[in-house]
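To keep things clear, I will list the structure first and then write my remarks on it.
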Amino acid sequence: MTFVADCMLGRLAKWLKILGFDVLYFSKAEDPDLVAIARREGRVLLTRDTGLIEKEAKRPNRLFVRGDDWEDQVVQVLDDLGLWDEVRPNTRCIACNLPLKALSRERARNLVTPYVGEHAASFAICPGCERVFWQGTHHGDMEKKIARLLARRPVLPSGD
Ligand SMILES: [Zn+2]
């Protein structure tokens, strides 16, 4: 499932990308353009604009985002669209929206701080902007936020 987010949802768009989802976001875009992109590319339109939802009422491929808080917004998207199993943190560039490529520790060492080069569990690089991403240092603010988000996954009753 891929997305296009409206102008009011910059942080949501960024965080969905951090969690691995393909999200198009433009800080300035007209509603008809967003609707056209969603249709043409088969993307789900994420919007805070009730007018846009009403205009598009007969179309299934849009989601009205309720909350103002980005964490609540991320949880709503994952809940409403059943996407918790598809979360893959740190697999997509938040700038280019491109899937990252794995990077060996050997190569990463020249591109990150010594601490990260030593302690991160894995590394990846964006084929577009060549920014390096990593996970598993258990140190960064972003990793804490990811952990906090994943902790909000609803617990399903177990079968036994
Ligand atoms: Zn990039």
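Observations on the model:
- Residue match in the stretch 61-75 (condition: under 23 Å from Glu30 (Cα atoms), among the aromatic types (Phe, Trp, Tyr) and touching a strand residue (DSSP E or B) at 6+ places or on another chain (Cβ under 8 Å)): yes
- Test: residue in the stretch 100-112 that is exposed (fewer than 14 other Cβ atoms within 10 Å of the Cβ), of a type in the set (Val, Ile, Thr), without any contact (Cβ under 8 Å) to a residue 24 or more places away in the chain and not in a helix (DSSP H, G or I): no
- Scanning the stretch 60-71 for residues that are surrounded by 14 or more Cβ atoms within 10 Å (Cβ to Cβ) and more than 16 Å from Asp22 (Cα to Cα) yields a count of 4.
- Within the stretch 19-34, restricting attention to residues that are within 19 Å of Gly51 (Cα to Cα) and of a type in the set (D, E, K, R), the residue that is nearest to the chain's Cα centre (by Cα) is Lys28.
- Residues satisfying the stated conditions in the stretch 134-154, i.e. surrounded by 13 or more Cβ atoms within 10 Å (Cβ to Cβ) and at pLDDT below 90: Trp134, Gln135, Gly136, Thr137, Gly140, Met142, Glu143
- Of all the criteria given as (1) within 16 Å of the ligand (Cβ to nearest atom); (2) exposed (fewer than 13 other Cβ atoms within 10 Å of the Cβ); (3) part of a helix (DSSP H, G or I), the one not satisfied by Tyr115 is (1).
- Residues of the stretch 138-150 satisfying the condition of being more than 16 Å from the ligand (Cβ to nearest atom) and closer than 15 Å to Ile18 by Cβ: Gly140, Asp141, Glu143, Lys144, Lys145, Ile146, Ala147, Arg148, Leu149, Leu150
- Some residue of the stretch 35-48 being closer than 16 Å to Phe64 by Cα, part of a loop (DSSP other than H, G, I, E, B) and in contact with a helix residue (DSSP H, G or I) (Cβ under 6 Å, 6 or more places away or on another chain): yes
- Residue within the stretch 73-87 that is in a loop (DSSP other than H, G, I, E, B), over 13 Å from Leu16 (Cβ atoms) and within 14 Å of the ligand (Cβ to nearest atom) present: no
- Residue under evaluation Gly10, criteria (1) more than 20 Å from Ala151 (Cα to Cα); (2) among the small types (Gly, Ala, Ser); (3) in a loop (DSSP other than H, G, I, E, B), criterion not met: (3)
The values are calculated or read from the model by the stated rules, or taken from the named source; none is laboratory data. No experiment lies behind these values; they were computed from the predicted model shown. When we count neighbours, we look across all protein chains shown, and the Cβ atoms used for this are built from the backbone with ideal geometry, even at glycine.
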